[in-house]
Amino acid sequence: MTGLVTGWGVLSAAGDSVTELLAAVRAGAVVGVDVRDRFDEPLPTAQAPAIADFDVRRLLGRKGTSFLDRATALAMVACGRALADGGLTPDDDNRHRVGVVLGTTTGSLKSTMDFSRETLVQDKPYLVNPVLFPNTVMNCASGQAAIRYGLRGVNATVAGGPLAFLYALRYALNALRRGYVDALLVGGVEEYTPNTAWAAELTGAGPAGEAAAVYLLRRPTPGLTGTPRAQVLAVATGFQPEQTADGLAGCVRRALATAKVRPADVWAIASGELDADSLSEVVPAAAQRMSVRPALGDCQSATGALALGVLLGHYAEDPAARGRPALIVGRSRDGAVAAAVVRG
């Protein structure tokens, strides 16, 4: 079973469209935004690839948004835009067949740490603010998005750091194949806060980035409304803690075989960060390599979703690329690998 991408909702430091994503990746320089006045806490840098001028109340109204953490707010806006772009209006006839699958790293790191801090600084018996707790659970964003748009289908959150979106995409294809849903909002979200900024700085992964990218994935059926922008043909995952490059190459081969795509036909590879000769033993060395991280920073669970956005921007811009297969690949520090095959 494959899935058709019929809509998208993207928020990033580069802008709110796949065209702007592609332009930023081509430029290669970090998209810097002044973040000094956003928080009371100190930050490792004065500029970061964070989203500028995001105000969830302005975008969604005051009702139900007062206590949202930033990650949840970003996800909700991106989900709404993906539904609108794909021309899908949830109603009583279809809402039970539409769901949400989001990739995450740890949910909102700031919310979790703020709640933990409350247990240390408040008077015993630890009179923490109960309003803070819902934002600490990993599936807060997917749950709030489903509530906001009245979606009663499959609802899942998949943790996987830089591979989270690819894991979510695999989960979504399985749900479509098994007939659990007809449409899914699939994406990844990562917020920029002092917590994520310092985590990236201290682990050498900086600068920390911020993004939310969500796609409307539909079951291929006759009479499908909306124009398909791409088709997700296959997703493969694996784990090889030693010689991770070989593990990724094997993962790519399995994904291509499942998709029935010849390696020689791959025209582009998109990922968080790629060397010029990455996977050259599997796909043509002439295939374009497009890396998200140099422009948009370490966006963790949103990385793969941004990589798909870059490919979609290229498909929209270049008619010659349409119909040709491309790869989204990722690997983590611990040896996890994943690859998806898409066709514009």
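The values are calculated or read from the model by the stated rules, or taken from the named source; none is laboratory data. Just so you know, these numbers come straight off a predicted model, no measurement behind them. All Cβ positions, glycine included, derive from the backbone under ideal geometry; neighbour counts span all protein chains shown. These accessible areas exclude ligands, DNA and RNA; they are computed on the full protein's heavy atoms, side chains included. Shrake-Rupley method; radii C 1.70, N 1.55, O 1.52, S 1.80 Å.
A few notes on this one:
- The set of residues in the range 296-323 being touching a residue at least 60 places away in the same chain (Cβ under 8 Å) and in contact with a Gly (Cβ under 6 Å, 6 or more places away or on another chain) consists of LEU296, GLY297, ASP298, CYS299, GLN300, SER301, ALA302, THR303, GLY304, ALA305, TYR315.
- Any hit, the range 317-330, residues being modelled with pLDDT of 95 or more and either of a type in the set (Ser, Thr, Tyr) or part of a helix (DSSP H, G or I) (or both): no
- First in the range 13-38 and under 17 Å from ARG81 (Cβ atoms), second anywhere and basic (Lys, Arg) and surrounded by fewer than 17 Cβ atoms within 10 Å (Cβ to Cβ), Cβ under 8 Å, 6 or more apart: none
- Options VAL98, VAL158; residue that is β-branched (Val, Ile, Thr) and in contact with a helix residue (DSSP H, G or I) (Cβ under 6 Å, 6 or more places away or on another chain): VAL158
- Hits in the range 256-288 (condition: closer than 13 Å to LEU311 by Cβ and open to solvent by 50 Å² or more (accessible area, probe 1.4 Å)): GLN288
- Those helices (runs of 4 or more DSSP H) of the range 82-197 in which at least 1 residues are touching a Gly at 6+ places or on another chain (Cβ under 9 Å) and of a type in the set (S, T, N, Q), considering only elements entirely within it, cover 140-149.
- Any hit, the range 181-195, residues being within 24 Å of LEU11 (Cα to Cα) and surrounded by fewer than 21 Cβ atoms within 10 Å (Cβ to Cβ): yes
- Extreme residue, most open to solvent (accessible area, probe 1.4 Å), among residues of the range 48-65 that are touching a strand residue (DSSP E or B) at 6+ places or on another chain (Cβ under 8 Å) and in contact (Cβ under 8 Å) with a residue 40 or more places away in the chain: PHE54
- Subset of the range 159-180 (residues that are of a type in the set (A, V, I, L, M, F, W, C), open to solvent by less than 20 Å² (accessible area, probe 1.4 Å) and farther than 13 Å from VAL98 by Cβ): LEU163, ALA164, PHE165, LEU166, ALA168, LEU169, LEU173
- The range 221-263, residues that are more than 15 Å from PRO325 (Cβ to Cβ) and polar (S, T, N, Q): THR221, THR225, THR227, THR237, GLN240, GLN243, THR244
- Test for VAL235: is it touching a residue at least 24 places away in the same chain (Cβ under 8 Å), within 24 Å of LYS110 (Cα to Cα) and in a strand (DSSP E or B): no
- Condition met for ALA259 (at pLDDT 95 or above and touching a helix residue (DSSP H, G or I) at 6+ places or on another chain (Cβ under 6 Å)): no
- Residue match in the range 76-87 (condition: among the acidic types (Asp, Glu), in contact (Cβ under 8 Å) with a residue 24 or more places away in the chain and either out of contact with any Lys or Arg (no Cβ under 7 Å at 6 or more places or on another chain) or surrounded by 23 or more Cβ atoms within 10 Å (Cβ to Cβ) (or both)): yes
- Selected residue [farther than 30 Å from THR72 by Cβ and hydroxyl-bearing (Ser, Thr, Tyr)] from SER291, SER271, SER301, SER280: SER280
- Filtering ALA230, ALA156 for residues that are surrounded by fewer than 20 Cβ atoms within 10 Å (Cβ to Cβ), under 21 Å from VAL10 (Cα atoms) and more than 13 Å from the chain's Cα centre (by Cα) leaves a single hit, ALA156.
- Sole exception among (1) surrounded by fewer than 23 Cβ atoms within 10 Å (Cβ to Cβ); (2) hydrophobic (A, V, I, L, M, F, W, C); (3) within 29 Å of ALA230 (Cβ to Cβ) for LEU43, by number: (3)
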